[in-house]
Amino acid sequence: MHNAYVIADNIISPLGFSTTDNYNNLLKSLSGIKLVDDQKIYPAPFYSSIICSDEIEFHFDRLNAPGIYTRLEKLIILSIKDAVQKTKIDAGNEETLIVISTTKGNIDLINTIDDNIEKKRLFLWSLAEQIKYYFNSVNIPVVISNACISGVLALIYASRLIENSVYKNVIVTGADIISEFVVSGFHSFHSISEAPCKPFDINRTGLSLGEGCGTIILSGDRNLSNEAGMISFCGGAVSNDANHISGPSRTGDGLFYAIKNTMEEMRNYQVNSIDYISAHGTATLYNDESEALAISSAGLENIPVNSLKGYWGHTLGAAGIIESVAAIQCLRNNILPGTLGFEKHGVSKSINIIKQSVKKEINSFIKTASGFGGCNAAIAFVKQ
Amino acid sequence: MNVNITSYCSIKKNQVYLNGKIHLAIAGEVPFKQFTNQLYKTLNMDYPKFFKLDNLCKLALLTTEFLGINENITNPERTKIGVIVSNSVSSLDTDYNFNESIKERKNYFPSPAIFVYSLPNILIGEICIRHKITGENAFFISKEFNPKIFCNYVNTLFLSQRVHGCIIGWVDLYKDNYESFIILAQHKKYSNEKNIFEENTLLKLYKGE
């Protein structure tokens, strides 16, 4: 069995087009969440983290890419390109698989009748084909669309395939954009906060949506990375609450099982301690409460926890990836960003939520996620 | 790999095939709603929630119901049953319905009851609720039924003993076009059926050969 090593990564968000820019801006407590007044997206102003279109065009123009791509496809291509150039892998050869994590893909095309960009790109497999053509891939990219755990699930999926030698390298990219569809839907659920989101805070009133894209390249061969400091997958698990499709479990049981199973797997990798938890922390009343219960049930009350939703908003299919990239940066730099928006403890269990950034020697972390459909996931990485 | 296919069911063109044989058919042009209501009655489901589901979830739930989950899953540990599903159109059927409710500003009434079905993995959640399954989940999108995606992943789940049984399926629906194919695969300790879980067999059973 091979280990699955992190050989490169990237984050694209309003806080930058590289992992380093994003991580540095987290440590400066900068947020991409702003008041957005755009009638095309929602009838009233709302808080959201949106990437500047001109910046996307600026970066994408430099690629001189033939063909026409959607906003989402441009982000995916830019993110994969940036990560791949830090490695010795060929994104297109038969040893390499691309996995795309997205909840809604090109949903912004639902009302457009555009001659250049065919409407069929609403199909997630069609969007994957565009990425395949761009990178000249032998393998058809695999698309995972599993609500808000998509990103974490895609990383677990990729790691398991590498460990079983199905592929040598897997490029995992997660992306979602802000659209009228998604903003209207979350508003109809009354889950969007009227101020920037406040994860785990006593006064939290809901989430802020964000758009983003992130990539992690995993490989069975650590020598394919151009970067020093190796980090590898050391366990992961997925579970279902089997309780309710739109509300998280009141007991946190489902997420607890995912964390517990991940911890059991970690022991098989001889990783016996967890130094940091990167929570889902969407700042809805129920998510944060349920997550605190799960962390507490798993006996992890004292482990430093943060949520990064205050910086990027909830980026749906990208969340699990970009938040994992940030946590990987924490392993490299031993500085944990604080939970932006968090002021006063607002969950029933006393878990160790970090308010401001702290220096701490960390060797391993767990990243969690929960989503509609009752799904939960947890993944762990360790410094080698 | 020591995984066998315990039972399998497919539904298309108003016909139900169970373990390769025609099980039930409705003649003529029957709308989806009428067809699924009839299956619900035939199965004696007694599950009122069924009528609230979107069409994709209805199709998934009915197909799974025919597999005989309770009788056929011999190991009671439902934390170790996985549900791995794939399709081509994601939840676009419901997405268009939701979009109708927000398209015009003067008729702007986004419905949370519809929005919640605008994710394909909701059908996995519905299967889990119905059968009290709490194990591994994954939803993949591919242009057409691709047994390789299932086999590559599901085998790693069995190998590492993360599951001892798995509901694996293709459930695709857009407007009047629909097609489902769901199998129950179990470690051979729990199933001694003749079909081994591997790519070629899966493709053959899907095609009804």
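The values are calculated or read from the model by the stated rules, or taken from the named source; none is laboratory data. Just so it is clear, the structure is predicted and the values come from calculations on it, not from any experiment. Cβ coordinates were reconstructed from backbone atoms using ideal geometry, including for glycine residues, and neighbour counts include every protein chain displayed.
Kindly indicate the residue of the range A:324-364 that is among the β-branched types (V, I, T) and assigned to a loop (DSSP other than H, G, I, E, B) and also surrounded by the fewest Cβ atoms within 10 Å (Cβ to Cβ) among those meeting that condition. Show your work before the answer.
If we filter the range A:324-364 for residues that are among the β-branched types (V, I, T), which is where we start, we get A:325, A:328, A:335, A:339, A:347, A:351, A:353-354, A:358, A:362.
Subset that is assigned to a loop (DSSP other than H, G, I, E, B): A:339, A:347, A:351, A:354, A:362.
Values: A:T339: 26, A:V347: 22, A:I351: 23, A:I354: 18, A:I362: 22.
Residue satisfying both the conditions and the ranking: A:I354.
Hey, any hits in the range A:155-170 for a residue that's part of a strand (DSSP E or B), of a type in the set (D, E, K, R), more than 21 Å from the chain's Cα centre (by Cα) and away from chain B (no Cβ under 12 Å)?
No; the residues of the range A:155-170 include none that is part of a strand (DSSP E or B), of a type in the set (D, E, K, R), more than 21 Å from the chain's Cα centre (by Cα) and away from chain B (no Cβ under 12 Å).
Just checking, how many residues over the range B:77-120 are facing another protein chain (nearest Cβ under 8 Å) and of a type in the set (A, V, I, L, M)?
Residues that pass the stated criteria total 6.
Quick one: in the range B:34-73, of everything that is buried (at least 21 other Cβ atoms within 10 Å of the Cβ) and at pLDDT below 95, which residue is farthest from B:K13 (Cα to Cα)?
Looking at the filtered set, the residue picked out is B:I73.
With a cut-off of at least 3 residues that are among the hydroxyl-bearing types (S, T, Y), name the strands (runs of 3 or more DSSP E) lying wholly within the range A:31-123.
Passing ranges, in order: A:46-49.
Out of A:S184, A:S188, report the one residue that is within 19 Å of A:T315 (Cβ to Cβ) and touching a Pro at 6+ places or on another chain (Cβ under 6 Å).
Numbers: A:S188 fails: within 19 Å of A:T315 (Cβ to Cβ).
Matching residue, one of A:S184, A:S188: A:S184.
Quick check on my filter: what residues within the range A:187-224 are within 14 Å of chain B (Cβ to nearest Cβ), surrounded by 21 or more Cβ atoms within 10 Å (Cβ to Cβ) and more than 27 Å from A:I156 (Cα to Cα)?
The answer is A:S191, A:I192, A:G206.
Being touching a Lys or Arg at 6+ places or on another chain (Cβ under 9 Å) and either within 15 Å of A:I77 (Cα to Cα) or part of a helix (DSSP H, G or I) (or both) is the filter here, so list the residues in the range A:141-150 that pass it.
Hit for the range A:141-150 is A:P141, nothing else.
Can we say B:T63 is hydroxyl-bearing (S, T, Y), part of a helix (DSSP H, G or I), more than 8 Å from every other protein chain (Cβ to nearest Cβ) and over 13 Å from the mean Cα position of the chain (by Cα)?
Taking the combined requirement at face value, the residue does not satisfy it.
Specify which of the listed residues (B:Y174, B:Y153) is in contact with a helix residue (DSSP H, G or I) (Cβ under 7 Å, 6 or more places away or on another chain), hydroxyl-bearing (S, T, Y) and more than 7 Å from chain A (Cβ to nearest Cβ).
Answer to the check: B:Y174.
Among the strands (runs of 3 or more DSSP E) confined wholly to the range B:67-181, which include 1 or more residues that are touching a residue at least 24 places away in the same chain (Cβ under 8 Å) and of a type in the set (F, W, Y)?
It comes to B:137-141, B:165-174.
Of the residues that sit in the range A:1-21 and are touching a helix residue (DSSP H, G or I) at 6+ places or on another chain (Cβ under 7 Å) and not in a strand (DSSP E or B), which one is nearest to A:G310 (Cα to Cα)?
Among them, the one singled out is A:L15.
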